[in-house]
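Okay, so here's the structure we're looking at.
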Amino acid sequence: MPAQPDDADVRARLRLQSIGWALLAGLGAALLGLVWGLEDAVRSGGCGLFYGLLAFHLQRVDPNDSHLQAGLVGAICGVRSLGLPLTLDNWQADALASLVLELLQAWLPLIGSAVLLHGTHRFLPASRP
């Protein structure tokens, strides 16, 4: 009869998985954000770490709630957008293009990180919490 893992072993394994998800999401977002410079990469990486931690615990609580998972991506992208500089001094035709470019710079790395994290989770069944 196999021995049951004790609570401390289970908690240690879950902590390591949580850190792994955070690092994977953070590094993925940082690498994708590096296209726009080091400062954007650091900001995206920090938000990616935060997203990875939350995504892991959300997956443990309700793995089948895809609407909540998509909402989490949107919420973290919104948090990242709060750090954007406000460049809408004049409302010319290029102001909208500038805003769209800034949103892409902020959101693309985090969305890519979420796709990477959940794609890895789907293809590696051993990593399920």
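The values are calculated or read from the model by the stated rules, or taken from the named source; none is laboratory data. The model shown is predicted, which means the values in this text are computed figures rather than measured ones. Reconstructed Cβ throughout: ideal geometry from the backbone, glycine too, with neighbour counts over all protein chains shown. To get the accessible areas, we keep the full protein, side chains included, count just its heavy atoms, and leave off ligands, DNA and RNA. Shrake-Rupley method; radii C 1.70, N 1.55, O 1.52, S 1.80 Å.
I'd like the full set of residues that are out of contact with any helix residue (DSSP H, G or I) (no Cβ under 8 Å at 6 or more places or on another chain), assigned to a helix (DSSP H, G or I) and more than 21 Å from Val79 (Cα to Cα), limited to region 1-56. Within region 1-56, Asp7, Ala8, Asp9, Val10, Arg11, Ala12, Arg13, Arg15, Leu16 meet the criteria. Within region 57-66, the residues that satisfy the criterion of being among the polar types (S, T, N, Q) and either assigned to a helix (DSSP H, G or I) or under 14 Å from Leu24 (Cβ atoms) (or both) are Gln59, Ser66. Report yes if Ala55 is open to solvent by 40 Å² or more (accessible area, probe 1.4 Å) and either closer than 18 Å to Leu116 by Cβ or free of Cβ contacts under 8 Å to residues at least 40 places away in the same chain (or both), otherwise no. Against the criterion (open to solvent by 40 Å² or more (accessible area, probe 1.4 Å) and either closer than 18 Å to Leu116 by Cβ or free of Cβ contacts under 8 Å to residues at least 40 places away in the same chain (or both)), Ala55 does not qualify.
In the condition set (1) over 17 Å from Leu116 (Cα atoms); (2) modelled with pLDDT under 80, Ser66 is compliant with all but (1). The number of residues in region 100-129 that are at pLDDT below 70 and part of a helix (DSSP H, G or I) comes to 3.
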